[in-house]
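Colleague: Okay, handing you the structure first.
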Amino acid sequence: MFTLCVKDSFSAAHRLEDYHGKCEELHGHNFAVEAIFEGEKLNKGGMAVDFKILKDHLKGVLENLDHTYINDIPFFTKRASSSEYIAVYIYGDLKKRVKSGPVRLVEVKVWESEKAWASYHE
């Protein structure tokens with residue numbers, strides 16, 4: 001089994017509702033996102049999949065989040081805009097984009113700072 005990881009970032013604002021603390025106020029992050037994939041076979045070039053393909057898929061997902069107010073995105077109108085749910089959102093969109101490829105999505109990590117991350121996997 002082979003494991004691959006691609007990383008990208010986006011900037012966005014949000015506020016945590018039903019939270020009592022500073023994060024209840026409008027604030028922003030420079031989020032970093034890692035997407036981890038697994039594949040069983042290598043192609044003739046010795047790769048499970050070209051990293052560029054995975055990077056392009058991740059970039060496509062993050063374009064929907066970059067420089068937005070996350071709370072206004074329909075997915076987040078019924079759930080918190082927490083790092084945990086941001087990871088779920090990215091995972092779901094990214095999984096659709098790679099579902100018929102040579103690798104499968106395993107996990108998405110969302111870093112809201114250099115010291116804190118949340119991840120989601122099925």
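Colleague: Determine which residues of the range 84-102 fall in the zone a paramagnetic label at residue 53 would reach in this model, i.e. backbone nitrogen under 18 Å from the point 7 Å along Cα→Cβ.
Modeller: Counting backbone N atoms under 18 Å from the label point, the list is 94-102.
Colleague: Taking each pair of different alpha-carbon atoms in the chain once, compute 1/r for the pair, average those values, and report the inverse of that mean as the Kirkwood hydrodynamic radius in Å to one decimal.
Modeller: 15.0
Colleague: Please list, in order along the range 81-97, the HN-Hα scalar couplings obtained from phi with the Karplus expression 6.51 cos²θ - 1.76 cosθ + 1.60 (θ = phi - 60°), rounded to whole Hz, x for Gly and Pro.
Modeller: Values, residue by residue: 8, 6, 4, 4, 6, 5, 4, 4, 4, 5, 4, x, 5, 5, 4, 4, 6 Hz.
Colleague: For residue 73, what accessible area in Å² do you get when you roll a 1.4 Å probe over the heavy atoms of the protein chains, rounding to the nearest 10?
Modeller: 20
Colleague: Solvent-accessible area per residue for the chain at a 1.4 Å probe radius, Å²?
Modeller: Accessible area per residue, the chain: 62 Å².
Colleague: Can you give the Rg and Dmax of the range 60-122 based on its C-alpha atoms, in angstrom?
Modeller: Calculated on Cα positions, Rg and Dmax stand at 12.1, 34 Å.
Colleague: Straight-line reach from residue 115: which aspartates and glutamates have a Cα under 18 Å away, not including same-chain ones fewer than 8 places off?
Modeller: Those aspartates and glutamates meeting the cut-off are 8, 34, 84.
Colleague: Can you give the extra length, in nm with one decimal, that the chain gains between residue 19 and residue 67 once fully stretched, where that is 0.36 nm per residue apart less the Cα-Cα distance?
Modeller: Working: separation 48, 0.36 × 48 = 17.28 nm, distance 2.29 nm.
Using 0.36 nm per residue and subtracting the Cα-Cα distance, I get 15.0 nm.
Colleague: If you put +1 on each Lys and Arg Cβ and -1 on each Asp and Glu Cβ, how big is the dipole of the range 28-93 around its Cα centre, in Debye rounded to 20?
Modeller: 120
Colleague: Ranked from highest to lowest mean number of other Cβ atoms within 10 Å per residue, what is the order of the peptides 61-68, 41-48?
Modeller: 61-68, 41-48
Colleague: Using 7 Å Cα-to-Cβ label points, what is the residue 122/residue 11 separation (nm, one decimal)?
Modeller: Roughly 3.4 nm, to one decimal.
Colleague: Tell me, what % of the accessible area of the chain is carbon and sulfur with a 1.4 angstrom probe?
Modeller: On the chain, the fraction of accessible area on carbon and sulfur atoms equals 51 percent.
Colleague: Here is a further query. So which GluC sites (Glu not before Pro) in the range 2-52 end up in coil per DSSP with only 16 or fewer other C-beta atoms within 10 Å?
Modeller: Details: sites: 17, 24, 25, 34, 38, 40; in loops: 17, 25, 40.
Taking the range 2-52 and a limit of 16 other Cβ atoms within 10 Å, the loop GluC sites (Glu not before Pro) found are 17, 25, 40.
Colleague: For the peptides 54-60, 85-91, what is the packing order when you average, over each peptide's residues, the other Cβ atoms within 10 Å and list the highest mean first? Don't skip to the answer; put the middle values down first.
Modeller: Numbers: 54-60: 17.0, 85-91: 21.7.
Going by the mean number of other Cβ atoms within 10 Å, highest first, we get 85-91, 54-60.
The values are calculated or read from the model by the stated rules, or taken from the named source; none is laboratory data. Not measured: the values here are computed from a predicted model. Don't worry about glycine lacking a Cβ; one is built from the backbone with ideal geometry, like all the others, and counts go over all protein chains shown. These accessible areas exclude ligands, DNA and RNA; they are computed on the full protein's heavy atoms, side chains included. Shrake-Rupley method; radii C 1.70, N 1.55, O 1.52, S 1.80 Å.
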